[in-house]
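I have placed the structure first, in the form of structure tokens, so that the comments after it can refer back to it.
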Amino acid sequence: MNASLAAGGPVPFFFGGRLCLNFVNTVNSRTRPATRDYLPGFREVLGWSRQMRLFEPAALGRLAARAEAAPAEAAQAREAAIALREALYGIFRSVMDKASAPKPEMRLLNDWLHEANGRQVLAETDQGFSWTWDAMRIDLHLPACAVALSAADLLAREDLKRVKACPGPDGCGWLFYDETKNASRRWCSMEHCGGAAKARRYAARHGA
């Protein structure tokens, strides 16, 4: 868990290892009916963006002001972001199940990538050139655009065999990128699910 990120925001734990997986994990369970959505409103979407350090404080301030001035627009942006979240879960589940990616979900992701690419500009920095957000096109869909770019990067450039889910029924079903040397990680974290499952197995063996 990255405690420095989790402090002071709507999401208590970050175990995904990738931005897009942390976004998918913004419900409290994927193996049982979720009883809590950590992003019930756009304010929480911005809080998660702040936790993940997605944007500079000035950009976050502009987004917060826009959301306050246009609550209906903010609600729509939150609903669109949640639709992307569920589409990404379906895509990554297909990766883990070694199945074809669902076409509607892929269309939605590609639509978001088109939106994201239109909001970026190539800028020169001290280290060379890099893509950055166009200050003239900062709007309430920017958090979802950043998530879509992260998902595309993971799907196209990384070892997808390392994308895993915390196993049910004991685990929460959250997704994570296994960066252990021998790809042996099983749980979202030992503290969160692994240790609890171990304790339950111990109690079952040694109970009355």
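Observations on the model:
- Residue 64 being in a helix (DSSP H, G or I), at pLDDT 95 or above, loosely packed, with under 14 Cβ neighbours inside 10 Å and of a type outside the set (Asp, Glu): no
- Yes/no for residue 83 being assigned to a helix (DSSP H, G or I), buried (at least 17 other Cβ atoms within 10 Å of the Cβ) and modelled with pLDDT of 95 or more: no
- Selection count, the range 103-113, where residues are of a type outside the set (Lys, Arg) and exposed (fewer than 11 other Cβ atoms within 10 Å of the Cβ): 1
- Screening the range 144-157 for residues that are touching a residue at least 60 places away in the same chain (Cβ under 8 Å) and within 16 Å of residue 94 (Cβ to Cβ) and picking the one that is surrounded by the fewest Cβ atoms within 10 Å (Cβ to Cβ) gives 155.
- Which numbered condition residue 12 misses (of (1) out of contact with any Gly (no Cβ under 6 Å at 6 or more places or on another chain); (2) more than 23 Å from residue 171 (Cβ to Cβ)): (2)
- Some residue of the range 122-143 being of a type in the set (A, V, I, L, M), surrounded by 10 or more Cβ atoms within 10 Å (Cβ to Cβ), under 29 Å from residue 64 (Cα atoms) and touching a strand residue (DSSP E or B) at 6+ places or on another chain (Cβ under 6 Å): yes
- Pairs are defined by a Cβ separation below 8 Å, a sequence spacing of at least 6 or placement on different chains, a first member in the range 22-39 that is without any contact (Cβ under 8 Å) to a residue 12 or more places away in the chain and assigned to a loop (DSSP other than H, G, I, E, B), and a second member that is crowded, with 16+ Cβ neighbours inside 10 Å and aliphatic (A, V, I, L, M); the pairs so defined are 34/27; 36/27.
- Qualifying residue in the range 87-97 (condition: farther than 23 Å from residue 47 by Cα and among the charged types (D, E, K, R)): yes
- Residue check for residue 55: under 17 Å from residue 163 (Cα atoms) and surrounded by 19 or more Cβ atoms within 10 Å (Cβ to Cβ): no
- Some residue of the range 41-51 being in a loop (DSSP other than H, G, I, E, B) and in contact (Cβ under 8 Å) with a residue 24 or more places away in the chain: yes
- Residue 159 being at pLDDT 95 or above, acidic (Asp, Glu) and closer than 19 Å to residue 176 by Cα: yes
The values are calculated or read from the model by the stated rules, or taken from the named source; none is laboratory data. None of these values were measured; they are calculated from a predicted model. For neighbour counting, all protein chains shown are included, and Cβ atoms are generated from backbone atoms with ideal geometry for every residue, glycine included.
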